[in-house]
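Here's the structure we're looking at; comments come further down.
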Amino acid sequence: MKSFFRMSYPYLLWMAIFIVAPMVMILLYAFTRSGNSMLTFQFTLEHFANFFTDPTFMRVLWTSLRIAFLTTVFCILIGYPAALFIANLPERRQTMMVLLLTLPMWINMLLKTYAWRGILMNFDLESEIKVFIGMVYDFLPYMIIQIHTSIAKMDRELLTAAQDLGANRWKSFTKVTLPLSVPGIISGITLVFLPAVSSFVIPKLLGGGDYVLIGNLIEIYFLTAGDWNFGSAISLIMAVIIIVSMWATKKLDRSAQED
Amino acid sequence: MDKKRKSRFLSNGYLILVLVFIYLPILYVVFFSFNEGKSLTHFTGFSLRWYQNMFEDRTMLECIYYTVLVAVIATVVSTVVGTIAAIGLSKARPLVRTAALEINNLPVMNPDIVTAIGLMLLFISAKVQLSLVTLILAHITFCIPYVILTVMPKLRQLDDNVAEAALDLGATPWQALTKVILPQIYPAILSGALIAFSMSFDDFVISFFTAGVGINNISMYVYSMKRYNPSVNALSTLIVVVVTLILIMVNLIPHIRDKKLNKGDIVR
Amino acid sequence: MKKVLTAVLVICLIAMGAAGLAEKKDPVAEYGSDVLNVYNWGEYIDKQVITNFEKEYGVRVNYSLFSSNEEMYTKLLSGASYDVLVPSDYMIERLIREDKLQPLDKDVVTNLDVLTAGVQNMGYDPDNTYSAPYLWQTVGIVYDTTKIDPEAMEEQGFSAFLNPEYKGHVYMYDSERDGFMIALKALGYSANTTDEDELNAAFDWLREMDKAVSPSYVTDEVIDAMANGEKWMALVYSGDAAYILSENEDMGYCTPKEGTNIAVDAMVIPANASNPKLANVFINYILEYDNSLMISEEVGYASTNDQVLNDLSAEGGTYEGNAAYLPRAGYELDEYYNDIPESLRSLYSSMWIKVKLHE
């Protein structure tokens with residue numbers, strides 16, 4: 001089985017060049033002083049100090065995490081039953097459903113958000129609710145597809161066996177289907193939570209410009225202010241916080257698996 | 001029996017609701033592509049002018065070409081590389097695997113602008129001129145993680161023993177891979193490819209900073225509009241129609257083939 | 001006789017062929033390449049002008065799009081080689097300072113004398129050494145004349161953004177530069193100030209504005225929204241206002257009395273352009289009456305060609321009676337933007353974020 005590990009060598013190399021190297025360059029900016037020239041290295045921690053001493057930034061970060069968390073929860077709540085029902089369909093219709101779920105993702109996100117703006121204009125909703133509808137809308141297909149993938153073609157025999165042994169449907173769901181789908185949920189969480197933290201187009205268009213999120217902040221500092229140093233520092237802080245929270249999720253996953 | 005029918009009715013109803021939710025803005029865009037006026041909120045009359053505008057606009061047509069070209073290449077490459085890498089990583093030591101997957105998550109987690117500037121810096125320091133190739137490389141880079149994230153959970157469900165048994169029974173690693181592992185993770189590979197394709201199709205920021213001179217994709221066109229051009233509604237409708245036609249064909253072909261076979265049976 | 005006729009015919013044909021050849025110049029021989037890379041804002045041209053240029057010169061225009069000066073600037077850092085860019089005034093100032101532009105060839109760009117007074121002698125490039133103005137505009141207020149009396153609007157100017165009577169009915173353009181500009185102007189300072197006390201005063205003004213009228217911070221969606229009369233007043237660019245006014249006759253436009261920003265987008269040739277010869281030809285072509293007319297008519301921003309500007313706003317012109325089309329020129333308090341010093345850019349950004357977050 002060891003020989004299979006060698007199959008990952010090409011991608012490890014790819015990662016080193018196209019993911020790690022660019023990130024290292026970005027990191028250099030986070031720890032150096034002003035200007036987007038890479039030639040003058042002046043080590044500093046002032047960007048981090050600026051971030052943590054300004055309550056505005058902390059609030060923005062908190063809002064982003066909260067919105068991303070709630071979006072993820074809603075995606076699971078709406079998406080899990082959908083994935084389960086799809087998995088119970090005949091196989092050909094399953095493929096059809098997955099394709100039907102993917103098709104809207106090929107329409108430009110900005111355009112779909114404009115459309116939501118037009119639709120939601122007719123309803124008197126809190127701007128936060130509008131943002132949630134837009135966010136859940138955008139990320140729901142990813143969650144459904146991930147969960148569906150993990151429970152499709154699952155060992156049917158396990159389910160039949162469980163039912164033969166007298167387990168009712170609820171029991172066979174909680175004891176067989178749910179544990180088997182945990183990796184899919186985790187993947188779904190990764191695909192929803194991570195991009196949701198840094199998303200900003202939807203909050204901006206549906207919530208109005210006073211809905212500043214961390215992704216928005218990073219974009220402002222990189223482009224409008226041209227301050228790559230501070231922008232890099234913010235994205236590093238965000239990355240660390242997300243990695244820690246994902247690590248906590250994985251811990252939960254592991255303890256769920258051990259059950 | 002009655003209970004079963006009831007639950008099927010409920011589950012189908014739920015799926016239809018989800019589909020309505022997902023297609024609502026799409027239908028909205030399709031509807032407004034026939035609007036006479038420029039507004040996206042007020043329908044003032046039926047007209048096909050935005051379709052005419054779209055077909056007369058060379059920049060827009062080129063956008064479609066580049067978007068599809070890049071998405072197809074990026075999807076194929078990232079699906080192949082991602083699947084192979086996922087299989088390899090699933091057999092790696094836990095520490096190596098965790099580290100690799102953590103790095104793999106970076107492009108998913110980073111705001112697009114960070115990935116974009118990072119890749120641009122990479123190309124600058126490697127003295128590579130931005131071009132169609134750099135655009136495709138960038139797309140492959142952010143697509144692979146999605147494939148791995150989709151394939152990995154399915155691999156974790158696999159029973160290691162089956163592949164090992166195949167090896168013990170004298171199968172070559174290649175045979176174990178193609179006859180045992182791939183058939184079992186096939187649906188995950190397909191889902192991964194679909195997600196990769198969607199990500200590539202809809203990307204703006206990374207494309208903007210890695211595409212060469214004169215290369216625009218649909219998202220770049222939409223985001224750069226100083227004023228809303230309803231032709232992009234027409235463009236989206238066109239995409240919906242083409243994809244729907246493909247879906248219908250893909251679904252009809254097996255049906256037709258089945259029918260022909262059946263007829264053959266009867267004749268025989 | 002027959003022979004003579006044939007000979008004459010042949011000669012005629014040869015002559016015609018030669019004339020045809022002479023007229024249809026080979027663009028590769030003439031300019032070094034038959035491709036021109038233009039980098040412009042999205043939806044900021046009449047595409048027919050590009051098609052006409054291609055036909056007339058037998059070349060191909062590769063058209064790329066950007067949505068902000070800063071985005072374009074960052075893309076230039078990659079070393080990408082464009083032939084013509086259309087940045088705004090303050091960005092041109094920065095590009096000149098950083099030696100990123102090359103001078104126009106005045107032997108080719110001969111149409112600079114068509115420029116209207118409002119875009120002549122620009123501080124960033126007084127004698128048009130590097131740049132040829134493309135379109136221009138002011139920043140002003142579009143308002144619903146059925147909700148706000150025009151006289152009251154003119155009387156208030158930018159201080160209308162502090163009027164609590166309009167609370168909940170106001171759109172503010174989500175641009176830190178324009179936001180600070182109206183505050184600085186309302187306070188009687190220069191929009192280009194680098195004095196931190198004045199900036200702090202503007203910051204306080206903006207926070208008061210946020211409390212007084214609770215605006216929605218929007219970008220381009222304001223155009224559609226105001227054309228449909230969704231709110232009473234909005235800060236917009238005059239070019240967009242011209243479109244709004246032509247769609248909704250209840251709307252009025254006010255160029256505030258405190259003075260405002262005049263913005264010019266101009267065509268420049270980057271230092272690393274691969275086809276500067278053709279770029280000069282293109283720039284001269286765009287300045288021509290017919291082409292400037294088509295562009296200005298299509299996008300609603302003011303032409304830099306004096307005669308086009310007059311004709312479009314005069315009787316029978318597309319923008320006759322449109323209060324927003326013709327920018328105010330020669331008003332003492334109006335200013336162009338200078339490039340913000342690097343040290344102040346982050347300050348601007350963080351203060352603007354705080355305004356939007358009601359802090």
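Looking at the range C:24-122, the GluC sites (Glu not before Pro) that sit in a DSSP loop and have at most 13 other Cβ atoms within 10 Å of their own Cβ are C:GLU98. Accessible-area loss of 20 Å² or more (1.4 Å probe, protein heavy atoms, chain alone versus all protein chains) is found in the range C:169-213 for C:ASP174, C:GLU176. When every Cα-Cα distance of the range A:55-258 is counted in 5 angstrom steps from zero, the calculated P(r) takes the values 1, 7, 13, 16, 16, 15, 12, 9, 6, 3, 2, 1, 0, 0 percent. Of the cross-linked pairs B:LYS127/B:LYS226; B:LYS226/C:LYS354; A:LYS130/A:LYS175, those separated by over 30 Å at the C-alpha level are B:LYS127/B:LYS226; A:LYS130/A:LYS175. Ligands, DNA and RNA excluded, the heavy atoms of C:MET351 present near 10 Å² of accessible surface to a 1.4 Å solvent probe. Buried between A and B is an accessible area of approximately 8400 Å², summed over both sides with a 1.4 Å probe. A 1.4 Å probe run over the protein chains yields, for chain C, 40 Å² of accessible area per residue, whole-number rounding.
If I build a Gaussian network model for chain B, linking alpha-carbon pairs within less than 10 angstrom, which residue out of B:ALA234, B:ALA193, B:ALA163 has the largest mean-square fluctuation? Maximum fluctuation in the GNM of chain B, among the listed residues, is at B:ALA163.
Over the protein assembly as shown, dividing the summed -39,500 (n - 2.57) contributions of all DSSP H runs of at least 4 residues by the number of residues returns a 222 nm mean residue ellipticity of -20000 deg cm²/dmol. The orientation-averaged projected area of the convex hull spanned by the Cα atoms of the range B:1-113 comes to 14.2 nm².
Rounded to the nearest 20 debye, the dipole magnitude of the protein assembly as shown is 6020 debye, with +1 charges on Lys and Arg beta carbons, -1 on Asp and Glu beta carbons, and the Cα centre as origin. Computed on chain B, the Cα convex hull volume stands at 251 Å³ per residue. Name the shape class, rounded, prolate or oblate, that the alpha-carbon gyration tensor gives for the range B:141-258, where a ≥ b ≥ c are the square roots of its eigenvalues, rounded holds for a/c under 1.5, and otherwise prolate holds if a/b is larger than b/c and oblate otherwise. Because a/c hits 1.5 or more and a/b fails to exceed b/c, the range B:141-258 counts as oblate.
What residue among B:ASN35, B:ASN110, B:ASN216 has the largest mean-square fluctuation in a Gaussian network model of chain B, using Cα springs under 10 Å? Ranking B:ASN35, B:ASN110, B:ASN216 by mean-square fluctuation puts B:ASN110 first.
Here the accessible area is traced with a 1.4 Å probe on the protein chains. For the range B:58-258, carbon and sulfur cover 71 percent of it.
The alpha carbon radius of gyration of the range A:1-105, expressed as a multiple of 2.2 N^0.38 Å, is 1.76. Spherically averaged projected area of the convex hull of Cα atoms, the range B:97-163: 6.0 nm². Using a probe radius of 1.4 angstrom, the carbon and sulfur fraction of the accessible surface of chain C is 51%.
Once the partner protein chains are put back, the range B:153-167 shows a loss of at least 50 square angstrom of accessible area, versus the chain by itself, at B:PRO153, B:LYS154, B:ARG156, B:GLN157 (probe 1.4 Å, ligands and nucleic acids excluded). Comparing A:SER199, A:SER187, A:SER245 in a Gaussian network model of chain A, where Cα atoms under 10 Å apart are tied by springs, the biggest mean-square fluctuation is seen for A:SER245.
The ellipsoid that matches the Cα gyration tensor of chain C has semi-axes, each √(5λ) in whole angstrom, of 45, 24, 16, with the longest given first. Between B and C, roughly 2800 Å² of accessible area is buried in total, ligands, DNA and RNA not counted and the probe set to 1.4 Å. Using only alpha carbons, the protein assembly as shown has a radius of gyration to Kirkwood radius ratio (Rg to Rh) of 1.01.
Accessible surface computed residue by residue for the range B:58-258, with neighbouring protein chains in place and a 1.4 Å probe, gives 36 Å² per residue.
The values are calculated or read from the model by the stated rules, or taken from the named source; none is laboratory data. These numbers were taken from a predicted model, which means no experiment stands behind them. As a convention, Cβ positions derive from the backbone with ideal geometry for all residues, glycine included, and neighbour counts pool all protein chains shown. Accessible surface is based on the protein model in full, side chains and every heavy atom, while ligands, DNA and RNA are left aside. Shrake-Rupley method; radii C 1.70, N 1.55, O 1.52, S 1.80 Å.
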